[in-house]
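Each remark here refers to the structure printed beneath this line.
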2 protein chains.
Amino acid sequence: MKVVSARDFQLKRENDYGTPEQNEVVKAIVADIRAEGDAALLRHTEQLDRVRLTADQLRVTDEELKAAYEQVETSFVTAIQSAANNIRAFHLKQKRNSWMDLQADGSILGQIIRPLKRVGVYVPGGKAAYPSSVLMNVIPAQVAGVPEIVMVTPPSTGGQDGVNPYILVAAAEAGVTEIYRVGGAQAIAALAYGTETITPVDKICGPGNIYVALAKREVYGTVNIDSLAGPSEIAVLADDSADASYIAADLLSQAEHDEMASAILVTPSRKLGEAVAVEVQRQLELLPRRDIARASVDSYGAVIITESLSEGIEVINRLAPEHLEIMTEEPMAIAGRIENAGAIFLGPYSSEPVGDYFAGPNHIIPTNGTARFASPVDLDDFIKKSSLIYYSKEALLRDGEQIMELARREGLEGHARAIQIRLDQER
Amino acid sequence: MKVVSARDFQLKRENDYGTPEQNEVVKAIVADIRAEGDAALLRHTEQLDRVRLTADQLRVTDEELKAAYEQVETSFVTAIQSAANNIRAFHLKQKRNSWMDLQADGSILGQIIRPLKRVGVYVPGGKAAYPSSVLMNVIPAQVAGVPEIVMVTPPSTGGQDGVNPYILVAAAEAGVTEIYRVGGAQAIAALAYGTETITPVDKICGPGNIYVALAKREVYGTVNIDSLAGPSEIAVLADDSADASYIAADLLSQAEHDEMASAILVTPSRKLGEAVAVEVQRQLELLPRRDIARASVDSYGAVIITESLSEGIEVINRLAPEHLEIMTEEPMAIAGRIENAGAIFLGPYSSEPVGDYFAGPNHIIPTNGTARFASPVDLDDFIKKSSLIYYSKEALLRDGEQIMELARREGLEGHARAIQIRLDQER
């Protein structure tokens, strides 16, 4: 792991918008589903997932869901239920009410806040099938009050019936209302435009491979989508009071995600920095996913030595990391100076996996420096707001002339006349 | 204006993603600004806006701002100040605090809510220069606490100094902190990537022509953008108690915006529907912008006769209109049954221009059916949230095993070890 000064550190960032060929493939699949519905969905599933299904086999049955509970360990069910309870409790705190402002002239202004009606959640198959991500995508929607939550996942996720039982149990615990065994760009297109079997949704969430990401981009506008996640990142801000072995373990928990994950220590202590670099090397060799972690550490990992803790805070604000751990003498006193970070973990016991799996805050967090302007998933992602305007006769008679002044200044005489016709009649 | 039954009505919707040539042009301009900064910005301004500037002429000076107040009528200044006060008051009601949840085990979970640091607002030139849109884009940012609000507008917007004085006055009243006389895709690129003169922003808002819209799409990810607005729409839901001439005037106030604007009456009363159709025709001929309004009414206008008020509500929820006026005997009793509408105007005096200019709620509202999943601009568009996790030693010792169970089930041993190393040392 390289040790560098703040001045010499240059962050690598890359956005993947796919090759022109990948974009062509996705456009063609989306067009097929729009034109042919289920027939195209089944054809692409056979071609791409090598699974032959009929339309009435698309939906996962209640029996399969029940069977999934038999296939997983009790300790898993207990843990996923505890995590779900914590995630539900945290997101419940975000509930917002519709509100109104009743004015002395009789007018009422306000905002009506409602849940979305139908949400689709994509769950990847294969090695990237993470039950925790099912909880993190579904529970906020469920707590927001979304009545219909549809999960799609490729039929090749393994297990007896072609769907991973851990995913099915997580879905049931989180509150998914329908599950379909379809994946890839064809699943995204089906959620956006609907088929004979799948009713279209208002928003599509959840991670996926490049084809899934491009399909989400393609259907954006027809439905809403969540933001496109980049590789995962952690930054640790620490001083001499921190334990180098804890920091190293936390950096590696991020590095093992994928070769492009980024794990960075920022510290004014050269001594700590060098100790962490050594400890990362030691712990790395003991990890099952050491090849991935090593590639990540070599390409995107760093120990950045700063002049001071204040300079460290500046570096963090420039990085705008997805995850930030603060392990200093007074971690709480630093939190207020962090402008840009998706999730902030304070003190020696708030290891990132605590948040990844269990504490309650969402683990879907802005990556790639976008914490500058974006936020972790929460209830706000599953609501919509309508403005409410009731203007009284008194208010209109009072304000009418000023409204017409502004309308006419913009050359919109029709706007002014909609007011004038009322003033003429009511005055 | 055609009068049709709900069953026979088919809404036309179109998305404009530009021609391949327009996309090429925009990509080239953005690349130029990224590579050459001010030099490219000035070159494209000369080429496209036919205005030759030096870098130090880009920024509008305080003297120009002061001069603008001399160039506009006092009645305009008074009206814009009243509107600004109302908009500010409404958006102030949306203020949210950071919050925390202190748990019995000593842990603290929460969300830190902060304003964005720097926001760019695009203001179109020429005929589409609307002071009211300056207020609606800038005031929410200012109320949210954004310290730096940068306006860009083409140098060809008219007026003595090349910038429209009405726009300048609106900008000053709304709280803009910097103004640059640049427009088009080159202005969007400058806001996203920065030049020697313009510091990059975190988010870009505001309407523009197709090149501006495509440039916003192009820089999305590097910065955040607002949603891309389609043509404006109004739907009126009314019964026999409504005044046909008010409804006709309101429909026309929308139709005069542009040829693709849509104005639709939904009513169970054929009598009212026919009266409105006649009245639209009559008022239309008296409008200065009658050619635009006529084209809009002919192509996108309709009177939809429903079986009942309930069926009317269903039609509205399918349309998900940007603006909805409810003019029935009990308008308040219907508001709760509207699932999809950007802004809801209740009763005979809440004519849409009241909200367009003056009442306080934002006039930037989801179009094109996206009120199904999107919301009017408000404070939420100018904040970012960070999750806060402080886990106590007690909590980690209690939950550690369950966290490891979930991590190992996902094959992420490194995540489990970040917990294990702490349990080993602290237990």
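Average projected area of the Cα convex hull of region B:142-297, in nm²?
Orientation-averaged projected area of the Cα hull: 12.2 nm².
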Quiz prompt | Residue-by-residue Karplus 3J(HN,Hα) for region A:197-204, coefficients 6.51, -1.76, 1.60, Hz, glycine and proline x | solution = 8, 10, 6, x, 10, 9, 8, 10
Self-check item: Cα-derived Rg to Rh of region B:20-225, Kirkwood definition
Solution: 1.04
Quiz item: What list of ³J(HN,Hα) couplings, whole Hz, do you get for region A:312-319 from phi and the Karplus terms 6.51, -1.76, 1.60, once you set θ to phi - 60° and write x for glycine and proline?
Solution: x, 5, 4, 4, 4, 5, 6, 5
Exercise. Determine Rg/Rh for region A:350-413; Rg is computed over alpha-carbon atoms and Rh is the Kirkwood hydrodynamic estimate from the same atoms.
Key: 1.37
Quiz item: Amide H to amide H under 5 Å from A:Y180: which residues, 5+ apart in sequence or cross-chain, H placed 1.01 Å off N in plane?
Solution: A:V60, A:M151, A:V152, A:T153
Quiz item: If one computes P(r) from the Cα atoms of region A:248-291, what percent of pairs lie at distances over 16 Å?
Solution: 34
Exercise. Just the number, please: percent antiparallel of the DSSP beta bridges in region A:20-225, rounded to the nearest 5.
Key: 25
Quiz item: In the calculated pair distance distribution of region B:1-141, what percentage of Cα-Cα distances lie above 19 Å?
Solution: 77
Quiz prompt | Too-long pairs where the Cα-Cα distance tops 31 Å, listed order kept, from A:K93/B:K393; A:K66/B:K393; A:K27/B:K216; A:K271/B:K203 | solution = A:K66/B:K393; A:K271/B:K203
Quiz item: With every protein chain present, what is the per residue accessible area of chain A (1.4 Å probe, Å²)?
Solution: 38
Quiz item: Counting other Cβ atoms within 10 Å of each Cβ, which GluC sites (Glu not before Pro) in region B:1-102 have at most 13 and sit in a DSSP loop?
Solution: B:E14, B:E73
Quiz item: Any number yet on Rg/Rh for region B:259-349, C-alpha, Kirkwood?
Solution: 0.97
Quiz item: How big is the C-alpha Rg of chain B next to the rule-of-thumb value 2.2 N^0.38 Å, as a ratio?
Solution: 1.17
Self-check item: Per-residue average of Cβ from other chains inside 10 Å of B:389-399
Solution: 6
Quiz prompt | Derived scalar couplings ³J(HN,Hα) [region B:77-84; Karplus, 6.51 cos²θ - 1.76 cosθ + 1.60; whole Hz; x for Gly, Pro] | solution = 4, 4, 5, 5, 5, 4, 4, 4
Quiz item: What percentage of all Cα-Cα pairs in the protein assembly as shown are separated by more than 55 Å?
Solution: 13
Exercise. Quick one: which residues, 5+ away or cross-chain, put their amide H under 5 Å from the amide H of A:E325? H built at 1.01 Å from N.
Key: A:A235, A:V236, A:L237, A:F345
Practice problem: Per residue of B:103-114, count partner chain C-beta atoms within 10 Å of its C-beta, then hand back the mean as an integer. | Solution: 4
Quiz item: Given the rule -39500 (n - 2.57) for each run of at least 4 DSSP H residues, summed and divided by the residues of chain B, what is its mean residue ellipticity at 222 nm, to the nearest 500 deg cm²/dmol?
Solution: -13500 deg cm²/dmol
Quiz prompt | Fraction in percent of alpha-carbon pairs per bin - 5 Å, region B:73-137 | solution = 3, 12, 14, 15, 16, 11, 8, 6, 5, 4, 3, 2, 1
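The values are calculated or read from the model by the stated rules, or taken from the named source; none is laboratory data. Note that the structure is predicted; figures quoted are calculated from it, not measured. Virtual Cβ from ideal backbone geometry, glycine too; neighbours counted across all protein chains shown. These accessible areas exclude ligands, DNA and RNA; they are computed on the full protein's heavy atoms, side chains included. Shrake-Rupley method; radii C 1.70, N 1.55, O 1.52, S 1.80 Å.
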